[in-house]
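The values are calculated or read from the model by the stated rules, or taken from the named source; none is laboratory data. Here the structure is a predicted model, which is why all the values come from computation and not from measurement. Glycine gets a Cβ as well: all are built from the backbone with ideal geometry, and neighbour counts include every protein chain shown. Heads up: the accessible areas ignore ligands, DNA and RNA and are worked out on the full protein's heavy atoms, side chains in. Shrake-Rupley method; radii C 1.70, N 1.55, O 1.52, S 1.80 Å.
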Amino acid sequence: MSTPVRPDPLFAPPELEWHPISPNYRKALFFRHLITWTIVPTIPALVLGLAFDLWWIAAICWGLGLAMLLTQLLLVNRRVRAWGYALRENELYVTHGVMFRTLTAVPYGRMQVVEVNAGPLDRAFNVASISFVTASADTDAIIPGLPPAEAARLRDHLTELGESRVTGL
């Protein structure tokens, strides 16, 4: 299941073995956007329509919500393909982003907390997220959409590596 995330060497050096996230994350992300962009515009639309009888503004809210929903749904596949991670000898690389690409290198010795998270939608589609907390708030990283077994394996592996390479203490 190791394939290059993208050919751009600035954000995914080709000499590394890049691991993609689970394709099941597409479904979880799809439903997350579906729920968000139907509920979020509906609340102000109902308030404006029922309380103030401003149905034309309510229609604009629903129209904007529909536009956002379609935009988000069109980008789901690209966003999922953009995520990847690579394990190096001394650090973990995480890359993501479609328009604004990001490559984060997290040294194992700087990891303070490794967490596995899975909300109701994630569990329904058999995916989990793993997040890393470091001493610097800017270098916290997350890898969403991992199969639960891979998330647990990665959590244990990174915790072990972090304990063996503790720096700055």
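Nonpolar atom fraction for the chain, defined as the carbon and sulfur part of the 1.4 Å probe accessible area, stands at 64 percent. For the peptides 28-40, 77-89, residues were scored by their other Cβ atoms within 10 Å and the scores averaged per peptide; the highest-first order is 77-89, 28-40.
A 1.4 Å probe run over the protein chains yields, for the chain, 58 Å² of accessible area per residue, whole-number rounding. Between Glu15 and Phe52, the FRET efficiency estimated from the beta carbon spacing at R0 = 45 angstrom works out to 0.15. Between the C-alpha center of the range 132-167 and that of the range 25-40 there is a gap of 26 Å. A Cα-only calculation for the chain places Rg and Dmax at 19.5, 64 Å. For the range 106-169, the spread of Cα coordinates along the three principal axes comes to 40, 22, 12 Å, biggest extent given first.
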